[in-house]
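The values are calculated or read from the model by the stated rules, or taken from the named source; none is laboratory data. Here the structure is a predicted model, which means the values were calculated and not measured. Using ideal geometry, Cβ is built from the backbone for each residue, glycine included, and neighbour counts are taken over all protein chains shown. When the accessible area is computed, the model is the full protein with side chains, heavy atoms only, and any ligands, DNA or RNA have been set aside. Shrake-Rupley method; radii C 1.70, N 1.55, O 1.52, S 1.80 Å.
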Amino acid sequence: MKPAILIAREVFEEVIADLERDFAVESNQADVLFTPDQLVEKLQGKQGVLTTVMDKIDDGMMARCPDLKVISNIAVGYNNIDVAAATARGIKVTNTPEVLNEATADLTWAILMAAARRVAEGDAFVRRGEWRKAFAMKRWLGADLHGATLGIIGMGRIGQAIARRALGFDMRVLYHNRARLDAATEAALRCEYSQDRDGVLKEADFLVVMVPYSAATHHFIKAGDIAKMKPSAILVNTARGGVVDDAALIAALKAGTIAGAALDVFEGEPKLNSEYSQLKNVVLTPHIGSATRSTRMAMLRLAAKNLTAALKGEAPPNWVNKT
Ligand code: GLV
């Protein structure tokens, strides 16, 4: 008998067909959002599950899924899974790094530029029929990218892909990371290292935070950090909700402590702090960093490969809790 697995959310049909060669697959093409109890119920008798960042699995849930051997997250981040509990229970956890670096970097630039040049605000203005005077010299002024300083905190694979794109805009790139990049990478990206995180906060015209979410990075950017930024700066978060303190950011945007923000991720997604929608100086997108067909397909293929390897007793390529 084929081992049973669950695909917790809607996916491309080809991926289901591939997995059906080896597994008895229960999929969720209706894209029902399962409650934790419903997910546990669906996981009865299942040895593996493909999850998204919205599918939280904690220790209590794992305790009620005795057959579960692998949780294959279709994401690079895996803060939705209690990894320590999975390790203690002998459940393998895997993720999908690398394949989404470029798409996420592209989206980061899309919203950064939208905020810099007021694209979303201008679009809404035109659609509302409020455009009366074309080419008003002093209206709709935005921020220059060329010559500006791009600050990146978190210079991992995605951070570096973001930095590479700044070369085309003739920007100065200043970064902070736990570990400094090697000299050759710094030279190729023409970026400068700041040992001091505050130095990046103070000097950035555009600040991108690209750190994984964990207890240690909860509210990694809070009121005191935003206060150190230039009043003309724009904050960009395409990493994870909770890395930025939304309430503090809203207060700063209202007070003009910083000029704007571009956000793809939020605390408590898909709920939005309603104050964001009242603000003109913020661009909001619904967690779509990796949302291109080719990237989502690559993530799914990698997640399927990880799950398949784990259930065949092999080491999955992206095994995050390998001991
Ligand atoms: C998406 O948010 C991911 O972590 O891949």
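For this structure, a couple of remarks:
- Considering only G199, N321, S277, and ranking their Cα positions along the charge dipole of region 182-323 that arises from unit charges at the beta-carbon of Lys, Arg, Asp and Glu, the one farthest toward the positive end is N321.
- Counted over the chain, the DSSP beta bridges are approximately 5% antiparallel.
- The 3J(HN,Hα) values that the Karplus relation (6.51, -1.76, 1.60; θ = phi - 60°) gives for region 58-70 are, in residue order, 9, 4, x, 5, 4, 4, 9, 10, x, 8, 5, 10, 8 Hz. Gly and Pro appear as x.
- For region 101-284, fraction of C-alpha pairs farther apart than 23 Å, in %: 39
- Accessible surface of region 99-252, 1.4 Å probe, proportion on carbon and sulfur as whole %: 56
- Average Cα contact separation per residue, the chain, under 8 Å, 6 or more apart, as relative contact order %: 18
- Sorting 115-121, 13-19 by average packing, meaning the other beta carbons within 10 Å per residue, from highest down gives 115-121, 13-19.
- Peptide ranges 206-217, 51-62, 299-310 listed from the most packed, as the mean C-beta count within 10 angstrom indicates: 299-310, 206-217, 51-62
- Reachable aspartates and glutamates, given that their alpha-carbon falls under 13 Å from the alpha-carbon of K42 and they are not under 8 places away in the same chain: E26, D55, D67
- For A262, the amide hydrogen comes within under 5 Å of the amide hydrogens of L235, V236, N237, V283, counting only partners 5 or more places away or on other chains and with H modelled in the peptide plane.
- If you take all other residues with their beta carbon under 14 Å from the beta carbon of T323, and give Lys and Arg +1 and Asp and Glu -1, the sum is +3.
- Relative contact order (%) - region 101-284, alpha-carbon pairs under 8 angstrom, separation at least six: 21
- Student exercise, region 183-323 dipole from Lys, Arg, Asp, Glu Cβ charges, in Debye to nearest 20: 540
- Dipole of region 101-284, positive end: most advanced residue of A136, L235, M113 [Cβ charges, Cα centre]: A136
- Phi-based couplings in Hz for region 98-107 (Karplus 6.51, -1.76, 1.60; Gly and Pro marked x): 6, 5, 10, 4, 5, 5, 5, 5, 4, 5
- Within region 101-284: Cβ-based charge dipole about Cα centre, in debye rounded to nearest 20 (Lys, Arg +1; Asp, Glu -1): 560
- Positive-end extreme of charge dipole, the chain - chosen from Q38, V53, T104 (charges on Cβ): T104
- Per residue, the solvent-accessible area of region 16-119 (1.4 Å probe, heavy atoms of protein chains only, all protein chains present) comes to 43 Å².
- Rounded to whole Hz, the Karplus (6.51, -1.76, 1.60) HN-Hα couplings of region 291-305, x for glycine and proline: 7, 10, 4, 5, 6, 4, 5, 5, 5, 5, 4, 5, 4, 5, 5
- All lysines inside 17 Å of K322 as judged from Cα atoms, apart from same-chain residues fewer than 8 positions distant: K69, K92, K305, K312
- In the full protein context, region 160-287 carries 45 Å² of accessible surface per residue, based on a 1.4 Å probe and ignoring ligands, DNA and RNA.
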